[in-house]
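The values are calculated or read from the model by the stated rules, or taken from the named source; none is laboratory data. Only a predicted model underlies this, so the values are computations on that prediction, with no experimental measurement involved. Every residue, glycine as well, gets a Cβ built from its backbone with ideal geometry; the counts of neighbours run over all protein chains shown.
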Amino acid sequence: MTVLPEVLPDGLLAPRYDGLALSSVLPAAAGALGVDLTTATGTRSTQARTDLALPAADRVCVVLVDGLGHTNLTERAGHAPFLRSLLASSRVLTSSFPSTTAAAIGTFGTGTSPGRTGMLGYTQRNAATGRLANMVSWEGAAPPQELQQEPPVLEQVAATGREVLSVGPARFAGSGMTVAALRGARYVAAESIADRVDTVSWELTAPGLVYLYWGDVDKAGHHHGWRSRQWGDALSDLDRELGRLARSLPHGTLLLVTADHGMVDVDRSQRWDVARTPALGRGVALVGGEPRAVHVYTHADQAAAVAGRWSEVLGDAALVALREDAVAAGWFGPVAEHVLPTIGDVVVAMRGRATVVDSRTQTPASMQLVGVHGSLTRTEMQVPLLVTTT
């Protein structure tokens, strides 16, 4: 049986769901617009605005750059002169656990926590079917408003009569994740970053709140690593367009740039495959999550034994916890009763550059990704909040 340490080992950072946290960004943006709301985890928009030191504004643009962690940005800032110019006055926020898009977007969109949204990782067990659901494609998942029951911040702002817009690729319009976490906004499809910037600039000629998503930095990191030339090129392309956005927005517009998580590059010599490691597979019914943050669903009464074996096999490469201990430690924030069965019976947070995969359910391409995320390292957990008023 494993026991979580009272203090996380060096290099690991516990998630936050209030104050300087990713969950505060949209409530704070609402507060800047004069909207008073309080989320289910107690984040009030007026306090969030104070915590993040945002001025009042009648036009707000929130840009979320997938995969642009604070460490990743600061170490590659030579590729991003506009964003670099904002770093000195920026704030460092803490993401959710797992530090991955599905969990973080749910947290960001509702101002709550994965334990409230039920969006717990790249894949997770659907309690109704007993099978893995993909929380990005939404394949195998329950209907989004059934699975994610918290009111999204964009929906609450729109209910006040303010114009609320979401700008992203056409394929995300009406997608499971959009409906679950970001519903309430009028969705405008635009594919290239240049087209998205043009759309935002036009829409904010009138007061309101606009959310813009960009995913190519994360994509480059997954395929080539965040230290690669390709990642630097993707950052440069984004930076050029965000600089143009700041120059083209109406005077007095509040522009916020943040991210859902950071990224580490894997060490393939520290990769375990559950399908090929008998000690990891024994007593296990299903493996969900992702290579850096694993939900292990065990057979009945096997959780403690499975946790012990995983801890022994992975050693210092992982922090292994029983569900109840991870919940008590606040990894998932406040947890709703209906979400609890979706969390792994055993939860594993990888350390260093190590990963765990399961070749029975994961594709060869997904197991060959260079850049990954999901765990509790500072590189994965810390994201920037860059603020400027045009």
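The condition of being under 27 Å from GLY34 (Cα atoms), surrounded by fewer than 21 Cβ atoms within 10 Å (Cβ to Cβ) and either under 21 Å from the mean Cα position of the chain (by Cα) or touching a residue at least 60 places away in the same chain (Cβ under 8 Å) (or both) holds for only one of ARG183, ARG171, that being ARG183.
Quick one: which residue in ALA279, ALA259, ALA307, ALA246 is more than 20 Å from the chain's Cα centre (by Cα), under 23 Å from SER96 (Cα atoms) and touching a residue at least 24 places away in the same chain (Cβ under 8 Å)? It would help to see each step written out before you state the result.
Details: ALA279 fails: under 23 Å from SER96 (Cα atoms); ALA259 fails: more than 20 Å from the chain's Cα centre (by Cα); ALA246 fails: under 23 Å from SER96 (Cα atoms).
Matching residue, one of ALA279, ALA259, ALA307, ALA246: ALA307.
Taking the range 74-127 as the range and being among the basic types (Lys, Arg) and assigned to a helix (DSSP H, G or I) as the test, the residues that pass are ARG84, ARG116.
Here the condition is being within 20 Å of ALA14 (Cβ to Cβ) and either outside the structural domain of VAL296 (by TED's automatic domain parsing) or crowded, with 24+ Cβ neighbours inside 10 Å (or both); of LEU86, LEU93, it holds for LEU93 alone. Considering VAL296, VAL257, the condition of being of a type in the set (Val, Ile, Thr), surrounded by 22 or more Cβ atoms within 10 Å (Cβ to Cβ) and either modelled with pLDDT under 95 or assigned by TED's automatic domain parsing to the domain that holds MET350 (or both) is satisfied by VAL296 alone. Determine whether ALA304 is surrounded by fewer than 17 Cβ atoms within 10 Å (Cβ to Cβ) and out of contact with any helix residue (DSSP H, G or I) (no Cβ under 8 Å at 6 or more places or on another chain). Taking the combined requirement at face value, the residue satisfies it. In the range 196-217, the qualifying residues are those that are part of a helix (DSSP H, G or I) and either over 24 Å from the mean Cα position of the chain (by Cα) or modelled with pLDDT under 95 (or both), and the one that is surrounded by the fewest Cβ atoms within 10 Å (Cβ to Cβ) is TRP202.
The set of residues in the range 47-79 that are under 25 Å from VAL167 (Cα atoms) and free of Cβ contacts under 8 Å to residues at least 24 places away in the same chain contains only ARG49.
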